[in-house]
1. Do we find that ARG104 is in contact (Cβ under 8 Å) with a residue 60 or more places away in the chain, open to solvent by 60 Å² or more (accessible area, probe 1.4 Å), out of contact with any helix residue (DSSP H, G or I) (no Cβ under 7 Å at 6 or more places or on another chain) and within 30 Å of PRO127 (Cα to Cα) in this structure?
2. Please name all residue pairs, on different chains or six or more residues apart, with Cβ atoms under 9 Å, provided the first residue is in the stretch 107-119 and is over 17 Å from ARG129 (Cα atoms) and modelled with pLDDT of 85 or more and the second residue is part of a loop (DSSP other than H, G, I, E, B) and open to solvent by less than 100 Å² (accessible area, probe 1.4 Å).
3. Any chance you could count how many residues in the stretch 38-78 are at pLDDT below 95, buried (at least 16 other Cβ atoms within 10 Å of the Cβ) and not in a helix (DSSP H, G or I)?
4. Find the residue count for the stretch 69-127, including only residues that are over 18 Å from the mean Cα position of the chain (by Cα), of a type in the set (Gly, Ala, Ser) and more than 30 Å from GLY37 (Cα to Cα).
5. Scanning for something out of contact with any His (no Cβ under 8 Å at 6 or more places or on another chain), among the basic types (Lys, Arg) and modelled with pLDDT under 90, does the stretch 83-97 turn up at least one residue?
6. Inside the stretch 68-107, can you point out the residues that are of a type in the set (A, V, I, L, M) and under 22 Å from ASP29 (Cα atoms)?
7. What residue, among those in the stretch 83-98 that are over 18 Å from ALA49 (Cβ atoms) and touching a residue at least 24 places away in the same chain (Cβ under 8 Å), is least open to solvent (accessible area, probe 1.4 Å)?
8. For the stretch 17-37, give me each residue that is of a type outside the set (Gly, Ala, Ser) and either at positive phi or open to solvent by 30 Å² or more (accessible area, probe 1.4 Å) (or both).
Amino acid sequence: MTARLAASVLVLEAFLVFFAVLAASQLSDAPAGLVWGGGLGLAVVLLLASGLVRRPWGIALGWVLQAVVVLGGLVLPAMFALGALFAVLWFAMIRLGRKVERDRAAFVERWGHPDTWDDGQPPAGAPTRG
């Protein structure tokens with residue numbers, strides 16, 4: 001669950017960076033090559049990193065990319081706020097994903113995996129959906 005949530009944040013962040021490149025190309029005094037090359041390169045790296053979050057170092061890479069996006073504020077000042085917002089979202093999704101994984105593991109330890117239940121019915125006393 002953590003990897004799915006983290007990957008979702010990185011994909012959305014790639015779109016944010018793409019649109020920030022469009023804005024920065026018109027509003028920034030930075031060289032066009034830096035804006036387009038750096039910005040589109042960062043968007044591609046974010047997309048690639050979304051597929052790597054399952055690796056042991058994937059979450060750490062995501063944190064590094066959060067810092068890079070925030071530093072995009074040096075080119076387009078609005079990125080300080082937007083990057084910080086996505087860094088908070090990244091933190092929240094990592095934390096939420098890990099909580100769901102812990103809760104799921106505790107459920108399986110106590111009640112067994114639903115695939116192992118007789119006739120697909122939960123044992124007496126097991127929580128049900130709904």
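The values are calculated or read from the model by the stated rules, or taken from the named source; none is laboratory data. These numbers were taken from a predicted model, which means no experiment stands behind them. Virtual Cβ from ideal backbone geometry, glycine too; neighbours counted across all protein chains shown. Note: areas computed on protein heavy atoms with side chains; ligands, DNA, RNA excluded. Shrake-Rupley method; radii C 1.70, N 1.55, O 1.52, S 1.80 Å.
1. Answer is yes for this residue.
2. Cβ pairs passing all conditions: none.
3. 2
4. 7
5. So the first thing to find is which residues in the stretch 83-97 are out of contact with any His (no Cβ under 8 Å at 6 or more places or on another chain), and the list is 83-97.
Still in the list and also among the basic types (Lys, Arg): 95.
If we keep only those that are modelled with pLDDT under 90 as well, we get none.
Scanning the stretch 83-97 turns up no residue that is out of contact with any His (no Cβ under 8 Å at 6 or more places or on another chain), among the basic types (Lys, Arg) and modelled with pLDDT under 90.
6. VAL68, VAL69, VAL70, LEU71, LEU74, VAL75, LEU76, ALA78, MET79, ALA81, LEU82
7. Going through the qualifying residues, I end up with LEU96.
8. Within the stretch 17-37, the subset of a type outside the set (Gly, Ala, Ser) is 17-19, 21-22, 26-27, 29, 31, 34-36.
Matches in the stretch 17-37: PHE18, PHE19, LEU22, GLN26, LEU27, ASP29, PRO31, LEU34, TRP36.
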